[in-house]
1. In segment 246-272, what residues are over 14 Å from V305 (Cβ atoms) and touching a Cys at 6+ places or on another chain (Cβ under 8 Å)?
2. So if I check each of S25, S44, which one is more than 28 Å from Q158 (Cβ to Cβ), in a loop (DSSP other than H, G, I, E, B) and of a type in the set (S, T, N, Q)?
3. Criterion first (modelled with pLDDT under 95 and either in contact with a strand residue (DSSP E or B) (Cβ under 9 Å, 6 or more places away or on another chain) or not in a helix (DSSP H, G or I) (or both)) does G274 satisfy it?
4. For segment 294-314, enumerate the residues that are touching a Leu at 6+ places or on another chain (Cβ under 8 Å) and either surrounded by fewer than 19 Cβ atoms within 10 Å (Cβ to Cβ) or assigned to a loop (DSSP other than H, G, I, E, B) (or both).
5. Looking at T333, T354, which one is in contact with a strand residue (DSSP E or B) (Cβ under 9 Å, 6 or more places away or on another chain) and either modelled with pLDDT of 90 or more or hydroxyl-bearing (S, T, Y) (or both)?
6. Please find, within segment 200-219, the residue that is surrounded by the fewest Cβ atoms within 10 Å (Cβ to Cβ) out of those that are touching a helix residue (DSSP H, G or I) at 6+ places or on another chain (Cβ under 6 Å) and aliphatic (A, V, I, L, M).
7. Kindly check whether there is at least one residue in segment 129-147 that is closer than 16 Å to D159 by Cα and acidic (D, E).
8. Within segment 418-425, is there a residue that is modelled with pLDDT under 95, surrounded by 12 or more Cβ atoms within 10 Å (Cβ to Cβ) and within 21 Å of W405 (Cβ to Cβ)?
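The values are calculated or read from the model by the stated rules, or taken from the named source; none is laboratory data. Given the structure is predicted, the values throughout are model-derived calculations rather than measurements. Methodologically, a virtual Cβ is constructed for each residue, glycine included, from the backbone with ideal geometry; neighbour enumeration extends over all protein chains shown.
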Amino acid sequence: MRTREAEEERTSFQEAGPFDPMLESRADVAMVYGLNESFEGRLSDWRRAGYRPHVMTGVAWGGYQDYVRGEWDGQQHYDDAQAAAGGFRLEHGVAQGHDCFYMMPSRDYARYLGEQLRRVVDVGAVAIHLEEPEFWVRAGYGEGFKREWQEFYGEEWQDPASSPDARYRASRLMQHLYTRTLDFLCRELKAYAAEKGNSDFRCYVPTHSLVNYAHWRIVSPESEMLALEGCDGLIGQVWTGTSRTPTVYRGVTKQRTLEAGYCEYAACAALVRGSEKKLWQLADPIEDNPNYCWEDYRVNWECTVTGSLLVEESERFEIMPWPSRIFKGTYPTVNLVGEPLQPLLEGYLERLGTGEDEERLMQTRQAFEMLLDFYHERGEESRKETLGFADLADKSSEVRFGDLWSVLHGFYKLLADWEDQEEAQRMRDAVAGFYHNPTDQRSAIPESYATELQVVFNALADMHWPGGTEW
């Protein structure tokens, strides 16, 4: 067993909820997520429970609607949302329409974040994690980005899709904007912390690997941010959701969670190698997609943990994100991703029909009639016709549940052009409601898996590195 020193930080987790004895672990650090009205109370609760208090919050997205809507400085900042071709603003998550955009980090946005994040220092946190500075490659069409292009290059904006050079220049600017923002935030927060008597305040950046960002077509500073004096290190955000992304090897495309995970962890380690920057390696006992079964989550978690331990620089671990969704959540008893959509949709509508919300039932039917029309008509001349619910079974019969994700972006873009945005929002909410809860056949974490997690968490806490790695 290793003796934990007062200042030692080897294992951590992130959580958006309050302290709950059900979520106890032997981690050194609790990363309290998000700066809502309950933030200070939540951090105090976790600190009283014996955890060193860090804070994590999104840089590219978060609960920053007050900035976007003009409540912060009296000016609306919708121009600072990342926008795809045609001006379609990119939102985070499946439940959209709530102004939770991926942000184009202007100087105003950086100043806003710097002001808001002073609360982290004021409440006594010892470190902040500025999560996921990400710019989607398909973005670069917003008015704010065009102004930044003019300032950075001294010339008129070019469509990123117009040439390879324009694509490179757009991506270079995307990287520059988040490097600039991180530099500003790290310097501002450390200076403010020093004024408050905490000269040891630290700034980390949780980020996916270069491997994953290439797969998902996202631009992020990566090595540039680690060159910043104020950045103390990163969390290598590798987990089942990134590592299960199919890879190509010898002409065969398939899921290779262990192999891809190892490559991702190694890529994160390469960023800090030869420096004084700290690296935390993440693994997630489940993942963001809520529609797999426990056995799938378990096997893939074992693959990612194994991959992380094969990398020499892995000596600090984020043992889990969101323990509340692991130990208090329920998940399908079978994998739904490959299941036919039709019976799931029919069962969901039947459950809605047993309630008293007839309006929600009709909205869900209408939303899926439209979505499935859109699914079948992609790449074809758009045909407009009214289809009754009797046709919904025919339209869904050959579609798999997992196919929905591939069309959501286009479907939401279609809804963005509706004149009646209140009705469009009801359509978005109906689709998101089904996606997050398509079945009532669910179960809590199996006892054997919960036990395995605690055994591994304890082993990671007890690892010892006297000049090297040994068990």
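1. Answer for segment 246-272, where residues must be over 14 Å from V305 (Cβ atoms) and touching a Cys at 6+ places or on another chain (Cβ under 8 Å): there is none.
2. Numbers: S44 fails: in a loop (DSSP other than H, G, I, E, B).
Answer to the selection: S25.
3. Working: modelled with pLDDT under 95: yes; either in contact with a strand residue (DSSP E or B) (Cβ under 9 Å, 6 or more places away or on another chain) or not in a helix (DSSP H, G or I) (or both): yes.
Yes; evaluated as a whole, the condition is true for this residue.
4. Correct list: T306, E313, S314.
5. Details: T354 fails: in contact with a strand residue (DSSP E or B) (Cβ under 9 Å, 6 or more places away or on another chain).
Result: T333 is the single residue among T333, T354 that is in contact with a strand residue (DSSP E or B) (Cβ under 9 Å, 6 or more places away or on another chain) and either modelled with pLDDT of 90 or more or hydroxyl-bearing (S, T, Y) (or both).
6. Only one residue fits best here, namely L210.
7. Checked against the condition, which is being closer than 16 Å to D159 by Cα and acidic (D, E), segment 129-147 yields at least one hit.
8. Taking every residue of segment 418-425 in turn, at least one turns out to be modelled with pLDDT under 95, surrounded by 12 or more Cβ atoms within 10 Å (Cβ to Cβ) and within 21 Å of W405 (Cβ to Cβ).
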